[in-house]
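K.L.:
Handing you a structure now.
Derivation of every value follows stated rules applied to the coordinates shown; laboratory data play no part. Computed from a prediction, not measured in an experiment: that's the story for all the values here. Neighbour counts run over all protein chains shown; Cβ positions are idealised from the backbone, glycine included.
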Amino acid sequence: MDEADADIIADLRGAGLVGAGDIALEPLTGGVSCDVWKVETADGPIVVKRPLPQLRVAAEWLAPVERGVSEVRWLRRARGVDARIAPEVLAELATGHAFAMRFLPGCPVWKDELMAGRVDGDFAAAVGRGIAAVHAATAHSDADRDAFPNDEMFRALRVDPFLLYVADHDIELAPVLRALADDLSSRKIALVHGDVSPKNILVSADGPVFLDAECAVYGDPAFDLAFCTTHLLLKAVWSGDARLNDAAALLVDAYRSGIDWEEPDGLLLRVGKLTAALLLARVEGKSPAPYLTDPEHQRIVREQARALIVAAQPIEALVANWKRTSA
Ligand SMILES: Nc1ncnc2c1ncn2[C@@H]1O[C@H](COP(=O)(O)OP(=O)(O)OP(=O)(O)O)[C@@H](O)[C@H]1O
Ligand SMILES: [Mg+2]
């Protein structure tokens with residue numbers, strides 16, 4: 001056990017979450033940006049998460065550890081909207097913005113379900129409803145805006161690596177991508193989770209549970225729907241499974257039903273533009289989709305994404321026209 005681990009255990013004792021006996025920190029999967037452990041306690045298992053000062057990816061991608069604070073705030077706020085959609089935060093710990101939350105037993109990660117061919121359209125719709133519920137509850141709220149002043153972090157972790165990095169390497173698309181980045185950064189509409197990827201969603205009996213809100217920001221809700229839709233469309237190319245296109249359509253449709261804070265058509269056009277850019281970023285950017293290694297899959301995504309960035313379609317049309325193969 002290193003010194004930091006000992007600090008975490010001392011913090012857990014201090015918070016009254018564990019007693020004086022032996023405590024094991026069992027690492028959980030993941031961990032690109034954080035240490036994540038499962039810890040058994042007398043009151044059941046908990047998860048302890050501690051942000052790393054530097055992400056474990058190839059690019060030198062620094063992020064302030066304060067993002068642990070944003071995550072805790074998002075989890076608490078989302079539970080206030082609907083207690084089923086986020087794990088309960090049990091304590092904020094003194095060491096490095098670590099925190100403890102309740103462990104949800106028997107809940108697979110949605111990504112693993114999708115990759116195993118278990119594609120549930122109803123669940124995709126529930127994801128859309130969950131994201132929209134948080135957006136609707138926080139839209140045009142000064143209190144929420146003040147609680148998530150994380151523009152700098154969102155720029156460092158989302159706008160720069162996903163939009164501007166690609167712009168810097170693509171002369172033709174650079175003006176459109178830069179305009180998109182400016183537009184995204186300028187909108188302060190609702191509380192954005194910032195990392196709504198299937199790998200950050202647990203499949204519980206009560207529907208989706210959203211994790212990993214380190215990039216939370218008060219910004220453009222279009223980003224969350226675009227981020228999640230992008231993952232489903234990439235997986236459709238990877239697997240060739242039409243049910244993933246259907247899941248993306250159900251996700252978007254359910255989200256649309258929850259929009260009550262602005263005119264849906266304008267929002268869904270922004271989602272379409274962002275999705276096109278994020279699709280390209282997942283084959284050309286700093287954070288490529290790890291499973292999209294087949295050059296043919298990359299080509300299918302790249303060609304469609306580049307055309308879609310220029311065409312600027314609403315997300316419903318983008319999803320309806322998305323091709324899994326080049327045939
Ligand atoms: N409350 C929880 N209950 C059950 N499992 C959890 C919980 N929190 C996290 N996990 C598990 O730990 C994994 C990593 O958690 P999380 O996504 O928050 O951390 P991360 O370090 O940001 O991971 P990554 O960089 O891989 O996205 C999740 O995919 C999930 O399997
Ligand atoms: Mg994660």
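K.L.:
Report, in degrees rounded to the nearest 10, the 0 to 90 angle that the Cα long axis of helix 67-81 makes with the longest principal axis of the chain.
P.N.:
Between helix and principal axis, roughly 80 degrees.
K.L.:
When the Cα centres of the stretch 93-157 and the stretch 294-313 are compared, how far apart do they sit, in Å?
P.N.:
So the two Cα centres are separated by 27 Å.
K.L.:
Now a separate question. Rank the residues THR41, THR325 as a footprinting-exposure proxy: fewest other Cβ atoms within 10 Å of their Cβ go first.
P.N.:
Fewest-to-most ranking of THR41, THR325: THR325, THR41.
K.L.:
Can you tell me which of THR95, THR293, THR29 moves the most in a GNM of the chain? Springs connect C-alpha atoms under 10 Å apart.
P.N.:
Taking springs between Cα atoms under 10 Å, the residue moving most is THR29.
K.L.:
How large is the Kirkwood hydrodynamic radius of the chain, counting all unique pairs of alpha carbons, in Å?
P.N.:
The Cα-based Kirkwood calculation yields 20.1 Å.
K.L.:
Quick one: 3J(HN,Hα) in Hz for the stretch 158-163, Karplus 6.51/-1.76/1.60 with θ = phi - 60°, rounded, Gly and Pro as x.
P.N.:
10, 5, 5, x, 8, 10
K.L.:
While we're here: Roughly how many whole Å is it from the C-alpha centroid of the stretch 191-249 to that of the stretch 175-189?
P.N.:
20
K.L.:
Report the residue, chosen from LEU90, LEU211, LEU274, that carries the largest GNM mean-square fluctuation when the chain is represented by alpha-carbon nodes joined by springs under 10 Å.
P.N.:
LEU90
K.L.:
Sorting LEU202, LEU308 on the 10 Å Cβ count, fewest up front, what's the list?
P.N.:
Ranking LEU202, LEU308 by Cβ neighbours within 10 Å, fewest first, gives LEU202, LEU308.
K.L.:
Mind pulling the angle between the C-alpha long axis of helix 174-186 and the longest principal axis of the chain? Nearest 10 degrees, somewhere in 0 to 90.
P.N.:
Orientation of helix 174-186: about 50 degrees from the principal axis.
K.L.:
Would you mind calculating the relative contact order of the chain from Cα pairs under 8 angstrom and at least 6 residues apart, reporting the percent as a whole number?
P.N.:
17 percent.
K.L.:
Additional query: For the chain, set up a Gaussian network in which alpha carbons nearer than 10 Å are linked by springs, and say which option among ASP224, ASP146, ASP120 fluctuates the most.
P.N.:
Ranking ASP224, ASP146, ASP120 by mean-square fluctuation puts ASP146 first.
K.L.:
Go through LYS286/LYS323; LYS49/LYS273; LYS188/LYS323; LYS38/LYS273; LYS38/LYS188; LYS111/LYS286 and tell me which ones have a Cα-Cα distance over 28 Å in this structure.
P.N.:
Pairs exceeding 28 Å: LYS49/LYS273; LYS188/LYS323; LYS38/LYS273; LYS38/LYS188.
K.L.:
Right, another one. Compute the long axis of helix 295-311 from its Cα atoms, compare it with the longest principal axis of the Cα atoms of the chain, and write down the angle in degrees, 0 to 90, nearest 10.
P.N.:
70
K.L.:
I would also like to ask the following. Tell me what the chain gives for mean residue ellipticity at 222 nm when only DSSP H runs of n ≥ 4 count, each as -39,500 (n - 2.57), the sum divided by the residue total, rounded to 500 deg cm²/dmol.
P.N.:
-15000 deg cm²/dmol
K.L.:
Quick check on the exposure proxy: order CYS107, CYS215 from fewest to most C-beta atoms within 10 angstrom. Don't skip to the end; give the middle numbers.
P.N.:
Details: CYS107 16, CYS215 25.
By the 10 Å Cβ count, ascending, the order reads CYS107, CYS215.
K.L.:
Starting with the highest mean, order 298-305, 181-188 by the number of other Cβ atoms within 10 Å, averaged over the residues of each peptide.
P.N.:
Result, highest mean first: 298-305, 181-188.
K.L.:
Within the stretch 208-256, list the trypsin sites (Lys or Arg not before Pro) lying in a DSSP loop whose Cβ has at most 13 other Cβ atoms in a 10 Å radius. Provide the component values of the computation, followed by the final result.
P.N.:
Details: sites: LYS235, ARG243, ARG256; in loops: none.
The qualifying sites: there are none.
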